[in-house]
Amino acid sequence: MNTNRRQFFKRSAGIFGVILSSPLILQTLFSSKAEAQKAEDCSKLPLVEPGKGMAISVNYFHKHSDMKKAELKTERQGVKWDQQNCKNCMLYVACGKKGADEIGKCAIFAGQAVKASGWCTTWSKKG
Ligand code: SF4
């Protein structure tokens, strides 16, 4: 990959990260989509794979203990980092189980499921 292309992808990822980290933009973009996702069973959907694709951009992990970046463990919208998880994120819609774990759909991971115990930097307090 040449340098210009690499820089383009780096800049695009940065801009996309800024958009995803703004609660107001998120609410506008995804609230109607999240509402439209009703709780149909999603247990057959593949789980998001931490460390791959979009999961890298938003630092998605299935549980807090896997997230090692101290600078990201910040309070958001008055909620301490260790209290933030997919289950209480405005983009999460519970829709089934994988084994003993509750899973749900997330508006930023189309066609995949996240764990209720998951977390990413796009977390936004459920209204
Ligand atoms: S914290 Fe929210 S935005 Fe991030 S993966 Fe979980 S449900 Fe999606």
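Rank-order 119-126, 83-90 by packing density, defined as the average count of other C-beta atoms within 10 Å over each peptide's residues, highest first.
Details: 119-126: 21.5, 83-90: 19.4.
The densest-packed peptide leads the list: 119-126, 83-90.
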* Roughly speaking, what is the stretch gain from ILE56 to LEU72, that is 0.36 nm per residue apart minus the C-alpha to C-alpha distance, in nm to one decimal? -> 4.4 nm
* lysines near LYS52 by alpha-carbon distance under 24 Å, same-chain residues fewer than 8 away left out - which ones? -> LYS10, LYS33, LYS44, LYS63, LYS68, LYS69, LYS73, LYS87, LYS97, LYS98, LYS105, LYS115
* On each of the three principal axes of the Cα atoms of the stretch 46-97, give max minus min coordinate, whole Å, ordered largest first. => 30, 23, 17
* Asked: Can you list the residues of the stretch 77-94 with backbone N under 19 Å from a point 7 Å past the Cα of SER65, pointing along Cα to Cβ?
  -> 81-87
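Values quoted throughout were computed directly from the atomic coordinates according to the rules given, and no laboratory measurement underlies them. Computed from a predicted model, the values in this text were never measured in an experiment. Virtual Cβ from ideal backbone geometry, glycine too; neighbours counted across all protein chains shown.
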